[in-house]
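The values are calculated or read from the model by the stated rules, or taken from the named source; none is laboratory data. In this text, all values refer to a predicted model and were calculated from it rather than measured experimentally. Here the Cβ positions follow ideal geometry from the backbone for every residue, glycine too, while neighbour counts run over all protein chains shown. All accessible areas refer to the heavy atoms of the entire protein, side chains included, with ligands and DNA or RNA removed. Shrake-Rupley method; radii C 1.70, N 1.55, O 1.52, S 1.80 Å.
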Amino acid sequence: MRTKVITPDPLPDGPFAKTARGFLGYLRTEAGLLPSSVEAYARDIRDLGNDLAAQGVTSPTDITPKILADHASRLSSDRGLSGSSVARHLATIRVFGRWLAATRRVEHDTTTLLETPSRWKKLPGVLTPGQVRRLLEAPQENSEKPEAIPLWQRDRAILELMYASGLRASEVGRLELTGIIDELGVLRLTGKGDKQRLVPMGEPAHNALGAYLHEIRPKLVQVGLAKGERRDDGRVFLTRSGRPIERVRVWQIVKKWASVAGLGHVHPHVLRHSFATHLLAGGADLRLVQELLGHSDISTTQIYTHVDRSGLKATHARFHPRA
């Protein structure tokens, strides 16, 4: 399996560019971040470096708290970024600042005085159970043109698993055959930061996955072999050419079948949000949902407690002594 090499837009030559490359190398090799995460860090560091260069600052040793505060202000005023986007940039800068200090490239971490912009928490979009049912039932034999390999069965398995197990789009692509623990009906997933977790998949998703593995995947593997090489890398979900499916293709699959189902703006994370929200609405413990989602911090999971208000009045009436 080939490792994706991150090639961010070049920074102006100088001490900052050299240091930035060292930082990204640390994230890849020592911190073990996924390529997509390193790429996000690279974009933020590139923006910082280019902005500092425009202000005449070319070395990390010349960065002061005021310079960083001015950079954050320009992200908002000049580029029109939202508070959450600026906060993400600042999170990258803080990690960069700690690394600079830890590796003795600077004497003090100047990022500790940065303030995170206050912002409203945006509640995630969620489908109703009925809408989820329409989406999951959209892929079927008469829903697309006749093909030698009916990919609608693959797509249904993907949608079922994303809702049943809360998979990210990237986790769909990385799911390996060895990660299916069939006798227990669970998946072993590798999420952000290469953290592994076990999640159940439920009977409908288990059945859809089994149908795909027995009827469709072998045909896709043969397509790859016919091209003169083994191309599947042991991944579960493959493209029509026999290669492992990519995150972007997962997005396209979700949007395609959402359109067929007559639903509005639906993307992979909407299924993940719906998975978490419906579990909590059904009485699941917040810590359990945190574990299933693979969140390191429970505050990330707590946003879902604000989404479902359907039982709020009934719960208040049932348990409050003066309701």
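Quick look at the numbers
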| item | result |
| --- | --- |
| Accessible area in the full protein assembly, largest first, 1.4 Å probe, for TRP257, TRP251, TRP152 | TRP251, TRP152, TRP257 |
| Shape of the stretch 131-241, Cα gyration tensor, a/c cut at 1.5 | oblate |
| Lys, Arg +1 and Asp, Glu -1 on Cβ, resulting dipole of the stretch 217-290 about Cα centre, debye, nearest 20 | 340 |
| Summed side-chain charge close to LEU52 - residues other than LEU52 whose Cβ falls under 12 Å, Lys, Arg +1, Asp, Glu -1 | -2 |
| Counted charge near TRP99, where neighbours are those whose Cβ lies closer than 15 Å (Asp, Glu -1; Lys, Arg +1) | +3 |
| Out-of-range pairs (alpha-carbon distance over 29 Å; input LYS192/LYS256; LYS66/LYS192; LYS18/LYS255; LYS192/LYS219) | LYS66/LYS192; LYS18/LYS255; LYS192/LYS219 |
| Extension gain (nm, one decimal) between LYS227 and SER84, 0.36 nm per residue minus Cα-Cα | 46.9 nm |
| Long-range HN-HN contacts of LEU238 with modeled amide H, under 5 Å | ILE245 |
| Solvent exposure, largest accessible area first (probe 1.4 Å, DNA, RNA and ligands not counted), of LYS219, LYS66 | LYS66, LYS219 |
| Candidate residues GLU171, GLU137: accessible-area rank, largest first, probe 1.4 Å | GLU137, GLU171 |
